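Notes to accompany the following structure.
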Amino acid sequence: MSKILWYVNPLARLGLRRYSFWFPFFTTVTTYILTDMYAYQIAHAPDSIAAFVIFISTIYIIYFSFRDGIRGGITAVLTTVSFFIYIIYTRQYSGARLQSGVNTVIILGVLYLFLASIIGWLKQTIDMFIDQEADQRRRLEAIIQQLPVGVIIANSAGQAVQVNQRVEAILGVKIPLGSQLHGERVVNAYERDKPVDPTKTLLEKALSTKKVVTGKEYAIKRGDGKPVYIQVSASPILNGEGKVIAAAQIIYDITQQKQMEQLKDEFIGIASHELKTPLTSIKGYTQILERIIQDMGNEKATQYLARTNRYIDRLSSLIGDLLDVSRIQAGKLEFNYEEYDFDRMLKESIESFQPFTEKYKIIKKGSTKKKVHGDRSRTEQVITNLLSNAIKYSPDSDKVVVSVRNGGDWITVAVRDFGIGIPKSKQKNLFKRFYRVEDISQKFSGLGIGLYISSEIINRQGGKIWVESDEGQGSTFYFNLPISRKVRA
Ligand code: ADP
């Protein structure tokens, strides 16, 4: 039944481009034969059917033009006109009647042809557009299926309308078309241990905010137990009027990249550990040697050895930094909390740093008169790092200003230099691991981890670190710390 309905319904056949000749031909011919038979055999009034025939033929021409294009319409026009001629012939019209009959047939024929051409052309144009659109959709679908990333497209109601094969390969779950994407299953697949507010899924966010949500990383456990790391972003799809009609979610499998990073971190950890042990022995022996040579009174050798000691210290601090990086990555950077005098710690840090540089004067401004609960030596490490950067990146200056102030329960330290400064566009990356401003990295040596470690140390103590700088205008690095555990919490 539904097949018959589909066959006769012109709307269902839109876009099909399958135009029939026989269906309009047989339908019209059969109708006209039956009508004629009715007029002769049942009604016994051959002319009584004229109005009905004009009415039904108009309907047929419209219907077949729309169902079967120009070809269907013209078929219906031809059978209709032939039937009219047949009627004129069989009813034996003559004189004025014949003339008016012929005129009517000509006028109706032209009108019908016009109607069939217009409607048929309209139908064929619609078919062509629908076809083109379908072609485009197929092309897009083929591309989406072949993409190396997972793609989920949801309609404005948040239901999946397109899902490529990679999604299942990455997540290990099948997302059926039509499923609600803030539903439990998909969300749980993303966020392993956390209950998730469904309104906060990325697709939902893209749909509701009309904004692109970029690269969130998740560690998930797939259905088959395999751990995978994915990066997910979502973007809204807007129509011509700027209304959200859908959203696309892209899922990248970054497991391999993460594993490589882990291997690299492990390697850095092991290598720096292996380097540190012999270096500690070297340091011990040079100190013994220094004392022996001092006793011998050889001044030149004492000087050389002092220099050697300074290089050993530098090497040891570099290795210490690398070890810290691998500890941070493994979540094993330890903190020893104690109560300490902040002003004293700052003064001592500056005093122990000053001997390393004769050219630069480190000026201290302000005081806090506060006791702070935190890790004293880790905070010292941050100050030393900021001071050594301030000097390293200020080749044409001769001073660094360290100021400190306290506002209530917080202490803020600022380390200001008058050096090369940092372009605004680079500042957001400064505290990332291994980041160095490219344009100057050839000129100044370094590993790009000092600020990363510093920010971890400050953040873990509940504080914040930031920078204010302009290219060529020097830089000021700030950090603040809470004075007590209560404030930190
Ligand atoms: P490193 O100094 O070893 O490269 P850091 O993590 O300490 O690593 O610093 C990261 C980058 O930030 C540096 O490479 C440098 O480009 C920039 N930078 C840090 N401190 C300053 C400063 N005081 N002035 C100018 N640029 C700085």
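Do any helices (runs of 4 or more DSSP H) lying entirely in region 1-104 carry at least 1 residues that are free of Cβ contacts under 8 Å to residues at least 12 places away in the same chain, of a type in the set (S, T, N, Q) and closer than 20 Å to residue 116 by Cβ, and which ones are they?
Correct list: 22-37, 50-90.
Could you list all residues from region 428-445 that are within 23 Å of residue 478 (Cβ to Cβ) and more than 8 Å from the ligand (Cβ to nearest atom)?
428, 429, 432, 433, 434
Restricting attention to region 447-489, which residues are within 9 Å of the ligand (Cβ to nearest atom), touching a helix residue (DSSP H, G or I) at 6+ places or on another chain (Cβ under 6 Å) and among the aliphatic types (A, V, I, L, M)?
Result: 449, 453, 467.
Note down all Cβ pairs under 9 Å where the first residue falls in region 433-447 and is on the phi > 0 side of the Ramachandran plot, the second is more than 9 Å from the ligand (Cβ to nearest atom) and not acidic (Asp, Glu), and they're at least six residues apart or on different chains.
Partner pairs satisfying both residue conditions: 434/325.
Quick check on my filter: what residues within region 38-58 are surrounded by fewer than 11 Cβ atoms within 10 Å (Cβ to Cβ) and closer than 30 Å to residue 10 by Cα?
Result: 51, 55.
I need a count of the residues in region 382-394 that are over 18 Å from residue 471 (Cα atoms) and either more than 12 Å from the ligand (Cβ to nearest atom) or of a type in the set (Ser, Thr, Tyr) (or both).
Of the residues in region 382-394, 3 are over 18 Å from residue 471 (Cα atoms) and either more than 12 Å from the ligand (Cβ to nearest atom) or of a type in the set (Ser, Thr, Tyr) (or both).
Read through the list (1) touching a Pro at 6+ places or on another chain (Cβ under 8 Å); (2) closer than 25 Å to residue 470 by Cα, then give the number of the only condition that residue 410 fails.
(2)
Residues checked against (1) touching a residue at least 60 places away in the same chain (Cβ under 8 Å); (2) within 14 Å of the ligand (Cβ to nearest atom); (3) part of a loop (DSSP other than H, G, I, E, B):
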residue	(1), (2), (3)
364	no, no, no
379	yes, no, no
396	no, yes, yes
403	no, no, no
411	yes, no, no
415	yes, yes, no
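If I ask for residues that are at pLDDT 90 or above and surrounded by 11 or more Cβ atoms within 10 Å (Cβ to Cβ), which ones from region 13-29 would you list?
Within region 13-29, 21, 23, 24, 25, 26, 27, 28, 29 meet the criteria.
The values are calculated or read from the model by the stated rules, or taken from the named source; none is laboratory data. Here the structure is a predicted model, which means the values were calculated and not measured. No Cβ is skipped: glycine too gets one built from the backbone with ideal geometry, and neighbour counts run over all protein chains shown.
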